[in-house]
1. Return the long-range amide H neighbours of Ile169 (sequence gap of 5 or more, or a different chain), with a cut-off of under 5 Å between placed amide H atoms.
2. For Arg48, enumerate residues with amide H under 5 Å from its amide H, sequence gap 5+ or separate chain, H modeled in the peptide plane.
3. Take every Cα-Cα distance within region 12-116, group them into 5 Å bins from 0 onward, and report for each bin the whole-number percent of pairs it holds.
4. Let's test this: bin the Cα-Cα distances of the chain at 10 Å from zero up to the farthest pair and state each bin's percent.
5. Quick one: 3J(HN,Hα) in Hz for region 79-84, Karplus 6.51/-1.76/1.60 with θ = phi - 60°, rounded, Gly and Pro as x.
6. Once phi is turned into ³J(HN,Hα) by the Karplus curve 6.51 cos²θ - 1.76 cosθ + 1.60 with θ = phi - 60°, what whole-Hz value does each residue of region 96-102 show in order, with x for glycine and proline?
7. What does the charge add up to near Ser140, with Lys and Arg as +1, Asp and Glu as -1, over the other residues with Cβ less than 13 Å from its Cβ?
8. Would you calculate, for the chain, the mean residue ellipticity at 222 nm contributed by helices, counting each DSSP H stretch of 4 or more residues as -39,500 (n - 2.57) and dividing by all residues, to the nearest 500?
Amino acid sequence: MLQDGVKAAVGKVAARLTTQSEQERVGSCLLIAYDLIAQRLSGGEPLREPSFFKRRERKAQQDLRSEAEELLEGTFLAARDAYEERKVELLGRFYANAAFADGIDASHLNHILSLAKLLTYRQLVIIGILGTLDRSTVRSSDFREAGSLPSATIGVLFETYQMVGLDLISSTDSGYILGVADINPGLLKIQGNGAHLFNLLRPDLVPDEDKTFFFEAMK
């Protein structure tokens, strides 16, 4: 069932690929997802509920594709459009992990994918950092009295604040973050869909050099 869905999704997306770079991104996403799924199956881990991979029957109407096939097509299209090419590996991980994620239904997975498309690579890396953060490595106060800040720090603060507005990040002390100056790096945590993005995309696994911007900005 999974292989049939992959073939169908690849066929649909292939017709929409117009450049070599788009083909390479979708191909990389497919290989990453396939390899990760194969590793987990080889380790004896079962796929999620079978209904996720089966075509859906409807009375007196045309049958629908499986939820897995729809999600895979969406993942491929996200990879195709990922001009930040480092996101492609994260998207491959997303689909591989979604194939085993019993507790998250297809509609929710589609919403999480839309968030992954919306966020920049750097924002996804921030989610990965906050999911495993050693709080002693960042400042333990907010930026209200910080004075003039480097432009790089301001950029990271605004990217973080956008995720606060999306309810992906909050403060461990339940305090309100009403603006970028209210951000206290030592109190930040992921929540809700932020945790789902962490678990499905595993942005904590990106190279260490891709994380240095955060610690430089939040020191």
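Any read-out appearing in this document is the output of simple, stated calculations on the displayed coordinates, not a laboratory observation. All values reported here derive from a predicted model rather than from experimental measurement. Cβ sites come from the backbone with ideal geometry, for glycine too, and all protein chains shown count toward neighbours.
1. Residues meeting the criterion, in which the H sits 1.01 Å from N, are Val164, Gln191.
2. Amide H neighbours of Arg48, under 5 Å, 5+ apart: Phe100, Ala101.
3. Calculated P(r), rounded to whole percents: 2, 13, 22, 22, 20, 13, 7, 2, 0.
4. So the P(r) values, bin by bin, are 8, 31, 30, 19, 9, 2, 0.
5. So the Karplus estimates, Gly and Pro as x, are 5, 4, 8, 7, 5, 7 Hz.
6. 4, 6, 4, 5, 10, 8, 4
7. Numbers: positive: Arg135, Arg139, Lys219; negative: Asp134, Asp142, Asp173.
Around Ser140, the surrounding residues sum to 0.
8. On the way: 9 runs with 115 residues, N = 219.
The per-residue figure over the chain is -16500 deg cm²/dmol.
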